[in-house]
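This report refers to the structure that appears directly beneath it.
What follows draws every value from the coordinates through simple rules; no lab data is involved. Small disclaimer: the values here were computed from a predicted structure and weren't measured. Glycine gets a Cβ as well: all are built from the backbone with ideal geometry, and neighbour counts include every protein chain shown.
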Amino acid sequence: MQPIYHQIRQRARQIILRHPTPDFYHDHSPADEASRQFFDADRVIKKLLSLVAETLEDDFGHGLIHAVKVSHDAGTLMVIEARQSGYDEDPLSRLVCLVQTAGLLHDIKRKTKDHSSHAAAHAKKLLRKYPFSAEEIKNIPGHPPGPATVSNRFLRKPTCKPGNHIYVMYCLIEKVISA
């Protein structure tokens with residue numbers, strides 16, 4: 001990394017450290033903790049994390065630390081939504097696994113042109129080796145498109161009831177796009 005980028009990164013870290021932790025993490029600390037515990041304990045997530053660690057380059061803050069943070073936040077959002085909707089722990093664990101998988105893989109092809117499409121295609125191939133159904137793989141996109149590449153499939157309102165994992169993915173997409 002060129003020295004100027006290193007200096008910019010250091011300055012950005014100094015600025016962020018002056019601000020308090022967002023209220024979201026305080027207000028939803030039990031859900032955040034549940035997401036982190038799942039992330040640390042799940043064997044599928046551990047295996048994916050190892051693969052992502054070998055593959056993902058740190059590209060202006062979009063490396064492994066970013067992927068893990070997005071994965072944690074996705075899991076937290078899922079726990080909040082699922083508990084509010086009355087999900088039992090078994091389906092909740094599966095849904096957390098799915099959104100955390102999406103979080104880990106969302107930037108897997110960041111260096112390629114149109115990386116969101118390439119990441120989704122790569123994730124679909126990669127996930128065939130993991131214990132996911134064809135339907136689950138279809139619902140794990142690689143990276144939500146940026147503002148310039150938003151496609152109609154991401155703009156449609158969910159046809160499912162709130163609490164369904166697709167509803168939470170819209171929250172995750174909105175969070176990632178605005179980040």
Seminar exercise, completed: Residues of segment 7-20 being surrounded by 10 or more Cβ atoms within 10 Å (Cβ to Cβ) and farther than 17 Å from residue 66 by Cβ, in sequence order, are 7, 11
For this session: Considering only segment 101-126, state which residues are outside any helix (DSSP H, G or I) and farther than 20 Å from residue 65 by Cβ.
Result: 112, 113, 114
Seminar exercise, completed: Conditions (1) under 18 Å from residue 131 (Cα atoms); (2) surrounded by fewer than 20 Cβ atoms within 10 Å (Cβ to Cβ) -> residue 99 fails only (2)
Seminar exercise, completed: Scanning segment 26-57 for residues that are out of contact with any helix residue (DSSP H, G or I) (no Cβ under 7 Å at 6 or more places or on another chain) and within 30 Å of residue 5 (Cα to Cα) gives 50, 51, 54, 55, 57
